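These notes are about the structure you will find just below.
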Amino acid sequence: MALSAETGKVVQWRRWAFANLGSVLSNFGSLWLLLAPLLAAYAPRRLFKTYFNLFLRRHARRLLAVVDPYVTVDVSEPGGASAHYSRYGRVTDSGDSTYEEVKAYLSDACAGEARELRAEGASEGDGVVISMRDGQDVADEFRGAALWWTSVVREDSQGQQRAHTRQCQRLTFHHRDRRLVVDEYLPHVRRKGREILFSNRRRRLYTNNKSGDSFRYDYKAWSYIDFDHPTTFDTLAMDTARKREIIDDLDAFRSDRDFYRRAGKPWKRGYLLYGPPGTGKSTMIAAMANYLDYDIYDVELTVVKDNNDLRRLLIETTSKSIIVIEDIDCSLDLTGDRAATQRRGRRNDRDDGSRRHDRDGSMVTLSGLLNFIDGLWSACGGERIVVFTTNHVDKLDAALIRRGRMDMRIEMSYCGIEAFKTLAKNYLDVDDHRLFGPVGEILGRESITPADVAECLMTAKRAGSDDESSRLEIVIDELKQTAEANAKAKAEAEAKAKAEAEEEAKAAEMDRDNTREEQNGRKYPKI
Ligand SMILES: Nc1ncnc2c1ncn2[C@@H]1O[C@H](COP(=O)(O)OP(=O)(O)OP(=O)(O)O)[C@@H](O)[C@H]1O
Ligand SMILES: [Mg+2]
């Protein structure tokens with residue numbers, strides 16, 4: 001359809017008006033300035049006041065931005081109304097942990113710059129938190145934007161109530177950086193502050209309380225003590241290359257937050273530590289926690305009533321933590337051969353009525369545990385490591401330790417000469433010695449755990465002599481005795497295992513007979 005000349009003009013005019021809407025409106029604003037005195041004279045007073053106020057409010061901010069382009073944001077210590085406005089713009093009031101996080105961030109920055117400081121005792125430990133005294137400023141820089149923090153005391157008065165003062169940290173920046181500050185700088189400050197607060201805090205070792213007590217009004221899912229284990233990766237005795245691999249893996253995990261987000265994976269990692277008793281599985285967990293500065297949640301599965309309680313426990317863990325289930329093969333019936341396990345259980349009860357397994361009371365199932373590790377709930381919080389330990393990796397259900405669930409399997413094994421060198425340094429402060437040769441031969445021949453070697457070294461240390469050679473000779477004697485004792489214990493264990501296997505086979509044969517007779521129409525099974 002063709003447009004008439006007149007319609008075309010209207011369309012053109014409309015297009016022009018839309019394209020120049022900004023200037024039209026601002027001209028309209030200028031027109032207001034001219035019309036305001038006239039309106040003051042002729043318009044009804046109330047109407048004029050409303051419109052004039054609106055106009056002023058809209059334009060005053062622009063005017064102020066020209067005169068003073070700086071915006072301030074206050075982060076106040078908690079305790080009061082949650083939001084205030086200042087002459088310059090919105091003033092936020094944290095009312096949460098933001099203030100503490102900002103203070104921690106600034107304590108790091110201001111310790112070097114500000115000259116008048118204040119020291120307060122840290123909430124945990126013997127440390128002090130350094131912060132700026134009132135009126136002090138520190139400058140900061142973020143992605144090219146200049147920012148200033150000032151410590152101020154603000155007076156809050158509400159109506160007739162008495163005013164009370166509150167400490168706050170005031171951030172000042174150019175209004176053109178507003179988006180950068182709100183979207184990136186302040187979250188960065190909080191993140192850094194949280195890290196500083198976390199690193200100043202003592203590590204905690206949590207253990208779960210019996211879920212049967214959950215009806216009590218003061219029930220807490222977890223109890224904790226300060227975690228103060230001296231083990232580090234330096235003192236952990238194991239193959240050096242393997243140790244390096246584990247440390248690299250932990251480093252990668254810790255710094256891969258963005259990767260996990262991009263890949264759509266929950267930020268957690270599973271380690272399975274397996275090996276004979278006394279090879280350092282628990283010691284490794286302590287070394288990991290100390291290296292990462294994480295808390296440990298040691299889950300005792302036998303006191304968890306059911307899958308529901310297990311999930312509740314998980315929800316109450318925090319991020320930056322290691323969730324540990326030790327001796328997973330003993331905690332639950334997770335072996336593939338459940339029938340054999342039940343038979344064994346029955347026999348144990350017959351043998352020793354008092355030695356009933358606690359795990360009979362727990363109704364946590366394998367699927368509950370699998371959900372605990374990587375169900376939907378497991379993703380809450382993030383930055384978590386799950387560690388299982390076992391002495392019998394071959395007995396565990398394949399689903400529990402498949403790749404993806406347990407990302408890294410670490411075998412902790414008998415002591416070799418490399419591990420011995422670490423232990424000799426730890427216990428006797430000996431780096432190298434000609435007697436390391438004979439020690440290496442014994443360790444190459446025999447299966448001696450690091451725990452046993454540590455005991456031998458302890459005996460040598462207590463023997464009283466300061467001479468390295470005589471101490472190491474004692475170690476060699478002790479190692480030989482340990483090897484003999486181990487061989488004897490091994491022969492006894494093998495004999496016992498053989499007898500058990502025979503009994504097991506007999507029981508299985510009886511079960512088969514009973515089933516056959518039942519199938520052949522016998523009314524009552526044998527007893
Ligand atoms: N690899 C190791 N490095 C340093 N010390 C070790 C190592 N292995 C064992 N030890 C010493 O032996 C003690 C017992 O070790 P740990 O409890 O870690 O063994 P485990 O493998 O957890 O045994 P279990 O299977 O019985 O739980 C530790 O307290 C430590 O002193
Ligand atoms: Mg252990």
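The values are calculated or read from the model by the stated rules, or taken from the named source; none is laboratory data. As the structure is a computational prediction, the values presented were derived from the model and not from experiment. Neighbour counts run over all protein chains shown; Cβ positions are idealised from the backbone, glycine included. Side chains are part of the model used for accessible areas, which takes the heavy atoms of the whole protein and leaves out ligands, DNA and RNA. Shrake-Rupley method; radii C 1.70, N 1.55, O 1.52, S 1.80 Å.
As a fraction of the 1.4 Å probe accessible area of region 417-517, surface on carbon and sulfur atoms comes out at 49 percent. Under the simplified labelling scheme, the residue 146-residue 108 pair shows an inter-label distance of 2.4 nm, with each label point 7 Å from Cα along Cα→Cβ. For a paramagnetic label modelled at 7 Å from the Cα of residue 116 toward its Cβ, which residues of region 135-150 fall within the zone defined by backbone nitrogen distances under 11 Å? So the set is 135-137.
What the Cβ-Cβ distance of residue 495 and residue 455 gives, at R0 = 22 Å and to the nearest 0.05, is a FRET efficiency of 0.30.
Straight-line reach from residue 265: taking Cα to Cα under 15 Å and skipping same-chain neighbours fewer than 8 places apart, the aspartates and glutamates in range are 256, 374, 383, 407.
Remark on residue 118: its backbone amide H falls under 5 Å from those of 131, 132, 133, a criterion applied only to residues 5 or more positions apart or on other chains, H modelled at 1.01 Å from N.
Here the extension length gained between residue 244 and residue 178 equals 19.3 nm, from 0.36 nm per residue of separation less the Cα-Cα distance. Restriction of the chymotrypsin sites (Phe, Trp or Tyr not before Pro) in region 195-279 to DSSP coil positions whose beta-carbon has at most 10 other beta-carbons within 10 angstrom yields 215, 217. Please report how far the C-alpha centroid of region 431-462 lies from that of region 129-143, rounded to the nearest whole angstrom. With region 431-462 and region 129-143 each reduced to a Cα centre, they are spaced 55 Å.
Please list, in order along region 415-431, the HN-Hα scalar couplings obtained from phi with the Karplus expression 6.51 cos²θ - 1.76 cosθ + 1.60 (θ = phi - 60°), rounded to whole Hz, x for Gly and Pro. Per-residue couplings from phi come out as 6, x, 5, 5, 5, 4, 4, 4, 5, 5, 5, 5, 8, 10, 6, 10, 8 Hz. Excluding ligands, DNA and RNA, the accessible surface per residue across region 449-527 is 72 Å² with a 1.4 Å probe. Listed cross-link partners 220/268; 210/506; 210/498 are compared with a 31 Å cut-off, the Cα-Cα value being larger for 210/506; 210/498.
Derived scalar couplings between HN and Hα for region 483-500 equal 4, 4, 4, 5, 4, 5, 4, 5, 4, 5, 5, 5, 4, 5, 4, 5, 4, 5 Hz in order, rounded to whole Hz, by the Karplus curve 6.51 cos²θ - 1.76 cosθ + 1.60 (θ = phi - 60°), x for Gly and Pro. For the pair residue 235 and residue 399, a Förster radius of 22 Å applied to the C-beta separation gives a FRET efficiency near 0.05, rounded to the nearest 0.05. Using a simple spin-label model with pseudo-atoms 7 Å out from Cα toward Cβ, residue 167 and residue 431 lie 4.8 nm apart.
Shown in residue order for region 308-318 are the 3J(HN,Hα) couplings computed by the Karplus curve 6.51 cos²θ - 1.76 cosθ + 1.60 at θ = phi - 60°: 4, 5, 5, 5, 4, 4, 4, 4, 8, 8, 9 Hz (x for Gly and Pro). Can you give the FRET efficiency to the nearest 0.05 for residue 216 and residue 466, using r as the Cβ-Cβ distance and R₀ = 45 Å? In this case the efficiency is close to 0.20. The alpha-carbon of residue 461 sits under 16 angstrom from the alpha-carbons of these lysines, leaving out residues fewer than 8 places away in its chain: 421, 425.
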